[in-house]
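Notes for the one structure printed next.
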Amino acid sequence: MTAPMLELRDVARAFPVRDALGRSKGAVRAVDGVSLSVPRGSVLAIVGESGCGKSTLGRLALRLIEPDSGAILFEGEDLRSLSPAALRARRRDMQLIFQDPFASLDPRMTVEQAVAEPLRLHGIVPRSGERDRVAELLSRVGLRPELARRWPHEFSGGQRQRIAIARALASGPKLIVGDEPVSALDVSVQAQVINLLQDLIRELGLTFVLISHDLGVVRHIADRVAVMYLGRIVEEGPAAEVFGNPKHPYTRALLAAVPGQGHTRGAAALLEGDVPSPINPPSGCRFRTRCPHAEAICAAEIPPLADHGPKGDHIAACHLQDRLPPAAARHERDAGGERLKRLQAFFSDQRTGE
Ligand code: SF4
């Protein structure tokens with residue numbers, strides 16, 4: 001059987017926290033025992049509120065930061081076992097697209113220099129072929145090649161993100177992690193960039209990990225969705241299943257909070273309170289302080305991720321999974337489906353040039 005493009009096994013990473021005087025205040029367990037598998041050519045979205053650990057998870061997946069424990073396998077090969085030289089060689093297969101297109105490009109480099117840098121770093125084309133390859137890459141992301149001599153400040157946010165995507169594609173990666181790649185852009189531009197990413201994923205056979213808090217974007221592009229809360233996965237499954245039949249109360253609350261639809265105020269209101277401190281998370285189920293269904297067992301025991309889908313590929317971590325009120329689930333499901341249909345229609349309407 002072919003190994004997944006990316007596999008995380010029980011990965012954990014904590015960051016020490018200090019006060020203003022440098023004294024230890026404990027540690028934030030940003031990622032706490034996460035296991036995920038991303039098949040080749042698929043799109044996995046990791047969703048959750050700010051601070052849930054999803055960006056840390058993306059960087060761990062690319063080994064841009066080191067895990068405290070657990071294994072990270074790329075095409076079946078444990079990245080932690082690679083020598084620095086072997087890891088450097090592997091880097092061309094894995095790229096990251098950042099959130100902020102204004103910060104991700106070096107203002108001292110022209111577009112051509114920025115896009116050519118990975119070509120040179122990995123020895124992908126001879127110097128004499130760089131200009132043509134850069135022109136190809138710019139065309140591929142919908143930019144005119146004659147813009148290559150310009151500077152990043154001469155471009156809009158959407159154009160800069162296209163340049164960043166061209167740069168990410170330059171090394172011929174197999175896996176791209178996009179960390180909120182469109183959240184800094186205007187909504188109409190977001191749709192164009194997401195459509196571009198979707199086309200690239202399909203045409204180049206890329207494996208893509210999309211980190212996003214925006215469920216409208218995720219629904220449009222993802223094959224599978226993993227929902228994170230305070231460093232842990234609380235639900236994971238096929239996108240249609242997670243969106244159409246969310247199992248975990250937190251996923252339901254996230255879906256209810258998709259803006260502009262307003263059908264499920266009760267569930268959405270759960271997300272108005274602060275997320276508990278990740279330094280001292282609640283015992284048992286970490287969502288229990290915001291969950292309307294919490295019972296004594298929720299404080300006492302960590303709920304395991306267990307199968308709930310018809311095919312056994314939709315997992316959620318909730319003690320009361322089989323007892324959650326069906327009426328609420330149906331209400332939220334129907335509202336979520338309507339919302340997402342409208343969001344998809346919006347994205348389809350935006351398949352025009354910027
Ligand atoms: Fe809510 Fe308990 Fe389920 Fe956690 S385990 S989501 S607190 S019902």
Q | Qualifying residues in segment 107-132 (those that are open to solvent by 50 Å² or more (accessible area, probe 1.4 Å) and part of a helix (DSSP H, G or I)) - the one farthest from Glu180 (Cα to Cα) | A | Ser128
Q: Being assigned to a helix (DSSP H, G or I), in contact (Cβ under 8 Å) with a residue 24 or more places away in the chain and open to solvent by 10 Å² or more (accessible area, probe 1.4 Å) is the filter here, so list the residues in segment 198-212 that pass it.
A: Ile201, Leu204
Q | Residue match in segment 67-77 (condition: closer than 18 Å to Ala317 by Cβ and of a type in the set (Gly, Ala, Ser)) | A | yes
Q: Could you look through segment 291-327, keep only residues that are assigned to a loop (DSSP other than H, G, I, E, B) and more than 16 Å from Lys247 (Cα to Cα), and pick out the one that is nearest to the ligand (Cβ to nearest atom)?
A: Glu295
Q. Out of (1) free of Cβ contacts under 8 Å to residues at least 40 places away in the same chain; (2) touching a helix residue (DSSP H, G or I) at 6+ places or on another chain (Cβ under 8 Å); (3) over 20 Å from Pro101 (Cβ atoms), what's the single condition that is false for Pro145?
A. (3)
Q: Considering only segment 279-290, state which residues are more than 10 Å from the ligand (Cβ to nearest atom), open to solvent by 50 Å² or more (accessible area, probe 1.4 Å) and either under 26 Å from Ser37 (Cβ atoms) or among the β-branched types (Val, Ile, Thr) (or both).
A: Ile279
(Q) I'd like to check something: does segment 250-260 contain any residue that is modelled with pLDDT of 95 or more and either of a type in the set (Asp, Glu) or over 25 Å from Lys311 (Cα atoms) (or both)? (A) no
Q) Which ranges mark the strands (runs of 3 or more DSSP E) fully within segment 1-68 that have 1 or more residues being under 24 Å from Ile194 (Cα atoms) and open to solvent by 40 Å² or more (accessible area, probe 1.4 Å)? A) 24-38
Q. Restricting to segment 69-106, what's the tally of residues that are farther than 29 Å from Pro16 by Cβ, without any contact (Cβ under 8 Å) to a residue 60 or more places away in the chain and part of a helix (DSSP H, G or I)?
A. 3
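The values are calculated or read from the model by the stated rules, or taken from the named source; none is laboratory data. No experiment lies behind these values; they were computed from the predicted model shown. Heads up, the Cβs are rebuilt from the backbone with ideal geometry, glycines too, and the neighbour counts pull from every protein chain shown. SASA here: full protein model, heavy atoms, side chains in, ligands and nucleic acids out. Shrake-Rupley method; radii C 1.70, N 1.55, O 1.52, S 1.80 Å.
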